[in-house]
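Below is one structure, written out as structure tokens; the observations come after it.
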Amino acid sequence: MAKHVVAAVADFPPGTRRLVEAEERKITVFNVRGEFFALNDRCPHEGGSLCAGKLTGLVIAKEPGAYEWTRDGEIIRCPWHGWEFDVRTGRSQCDPQKMRVRLYDVHVEHGGELAEELVAETFPVTVENDYVVLEI
């Protein structure tokens, strides 16, 4: 499984999201109160970008007139038709058994350990002419 660096944790504050292109896939990575989750960016309904959607929560009613706001910032709403998905599981809020968005593994790694694994692609370079260079 290939690794793709999204951002430094310090540059990715809670409540934000990033659209990442990895292996020809668009993936939205969410930071929900310091926990990271990654979903396919494409809504399964008609393909709207989930990264462009609104992060919201759920209203739960245990009885008529008794409403409670829960799961703030854990539900992503597709900007095209309002379909909602749990960023923790990828499951749809209207039909969780049948409808879901693909979930990807995402985690935090220490920079020193990660640097040992990453190798930059290099290309051979040749000098074919001489140039006059002015330094000021």
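Could you put Phe36, Phe85, Phe123 in order, starting from the residue whose Cβ has the fewest other Cβ atoms within 10 Å?
Neighbour counts put them in this order, fewest first: Phe123, Phe36, Phe85.
Tell me, Lys54, Lys98, Lys26 in order of fewest to most beta-carbon neighbours within 10 Å?
Least crowded to most crowded, the residues run Lys98, Lys54, Lys26.
Near Arg71, within a Cβ-to-Cβ distance under 12 Å, what is the net charge of the other residues, with Lys and Arg +1 and Asp and Glu -1?
The answer is -3.
How much length would be gained if the chain were fully extended between Glu121 and Val108, taking 0.36 nm per residue of separation minus their Cα-Cα distance, in nm to one decimal?
2.4 nm
Which residue fluctuates the most in the chain, going by a Gaussian network model with Cα springs under 10 Å, if the choices are Gly47, Gly111, Gly15?
With Cα springs under 10 Å in the chain, the top fluctuation among Gly47, Gly111, Gly15 is at Gly111.
Compute the FRET efficiency between Met1 and Ala61 as 1/(1 + (r/R0)^6), taking r as their Cβ-Cβ distance and R0 = 35 Å, and round to the nearest 0.05.
0.25
So if R0 is 25 Å, what FRET efficiency would Glu23 and Lys54 give, r being the distance between their Cβ atoms, rounded to the nearest 0.05?
0.35
Which net charge results for the neighbourhood of Val32, defined as the other residues with beta-carbon distances under 11 angstrom from its beta-carbon, given Lys and Arg at +1 and Asp and Glu at -1? Don't skip to the end; give the middle numbers.
Details: positive: Arg17, Arg33, Arg71, Arg88; negative: Glu35, Asp72, Glu74, Asp86.
Local net charge: 0.
Which one, Gly47, Gln93, Pro124, is farthest towards the positive end of the dipole of the chain when Lys and Arg carry +1 and Asp and Glu -1 on their Cβ?
With unit charges placed on the Cβ atoms, the residue in question is Gln93.
Need one number: nm distance between label points at Thr89 and Arg71, each 7 Å from Cα along Cα→Cβ, rounded to one decimal.
0.7 nm
Rank Arg77, Arg88, Arg25 by mean-square fluctuation in a GNM of the chain with C-alpha springs under 10 angstrom and give only the top-ranked residue.
Arg25
Let's see if you can work this out: charge +1 on each Lys and Arg Cβ, -1 on each Asp and Glu Cβ, no other charges. What is the dipole magnitude of segment 9-117 about its Cα centre, in debye to the nearest 20? The partial results should precede the final answer.
Numbers: 15 positive and 19 negative charges, 119 e Å.
Here the size comes out at about 580 debye.
Just to confirm my numbers, what's the Cα centroid distance between segment 29-70 and segment 76-99 in Å?
About 7 Å separates the Cα centre of segment 29-70 from the one of segment 76-99.
Please report Rg over Rh for the chain, where both radii come from the alpha carbon positions and Rh follows the Kirkwood definition.
In the chain, Rg relative to Rh is 1.19.
Under the rule that a partner needs its Cβ under 4.7 Å from the first Cβ, which Cys of the chain have none?
Lone cysteines by the Cβ rule: Cys51, Cys94.
By count of other Cβ within 10 Å, fewest leading, how are Ile75, Ile60, Ile27 ordered?
Arranged by neighbour count, lowest to highest, Ile75, Ile60, Ile27 become Ile60, Ile75, Ile27.
For the chain, what is the calculated [θ] at 222 nm in deg cm²/dmol (nearest 500), taking -39500 (n - 2.57) for each run of four or more DSSP H residues and dividing by its residue count?
-1500 deg cm²/dmol
Coordinate-derived values only; no laboratory data. None of these values were measured; they are calculated from a predicted model. Ideal geometry is used to build each Cβ from the backbone, glycine not excepted, and the neighbour counts take in all protein chains shown.
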